[in-house]
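Let me begin by presenting the structure, written as structure tokens, before commenting on it.
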Amino acid sequence: MYGSPDASVKSTLVVLAGGRGIRLGGLAKGLIRLTNGETVVERLLRLTTGPAFVSTNHPEWYERLDVPLIADLVPDKGAPGGVVTGLAVSATDWVTIVACDMPFVTAEMLSTLHARRHAGADVVCFTRGGQLEPLVGLYRRELCFDWAPRLEGNPSLRELVSSVRLDTIESSEPDRLLSLNSPDDYRHAAESFRDSGVAGTLPPQAPTW
């Protein structure tokens, strides 16, 4: 069992796994094996001891994981739809969002986000070289009430995040914010994290379940 149903903890973890992995030949990115044997989604779920969900519109891909699976409340809205859904189903005031193609995120990074939250912020995210990275962030649950109706306009996640009270932290380890979307991304990651056991296998492989 990943996480815990205990809603008294500070945050719910939502792993966004809604993408189709087109640039990886249709492989579900969250299920790609890492060199240490885990799938990406398994590694990310281990970052929390609190409540956890996987946001996916393909529950059959993730049904072997002992974790609640949630489908988008408003379909075909990409990452914004997954974030809004994650906020809506969470019972905690704060929700930690991590994309399933970012396997190098650490528990320490998430703790850094939590340490930065305050009454004047609705979202706390990292920046990488000055560029906002909203797919690793801490979000107030109540944002779902304002953002859900805005999904019809197909906003980007950066648009939504930039419209609220945002606090940012420039990452001291920007490579840990790498998104693995293509074979070239995996080759870069294999070089950067060759000794960590976390780099993706080459060629990218899905589990044989």
With N set to the number of residues, divide the alpha-carbon radius of gyration of region 11-192 by 2.2 N^0.38 Å and report two decimals.
0.96
Rg and Dmax of region 97-195, Cα atoms, in Å?
14.6, 45
So, in nm, how far is label Asn36 from label Glu142 when the simple model puts each one 7 Å beyond its Cα toward the Cβ?
3.7
Roughly how many Å is it from the Cα centre of region 31-67 to that of region 113-169, as a whole number?
23
Obtain the nm distance between the two label points defined at Thr127 and Ser111 by a simple spin-label model: each point lies 7 Å from its Cα along the Cα-to-C-beta direction.
2.5
Taking the mean number of other Cβ atoms within 10 Å as a proxy for protection, how do you rank 65-74, 150-159, 78-87 from highest to lowest?
78-87, 65-74, 150-159
Using a 7 Å offset from the Cα along the Cα-to-Cβ direction at both His58 and Asn154, what is the distance between the two label points in nm, to one decimal?
2.2
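Values in this text are rule-based calculations from the coordinates and carry no lab data. Just so it is clear, the model here is predicted, and its values are computed rather than measured. As a convention, Cβ positions derive from the backbone with ideal geometry for all residues, glycine included, and neighbour counts pool all protein chains shown.
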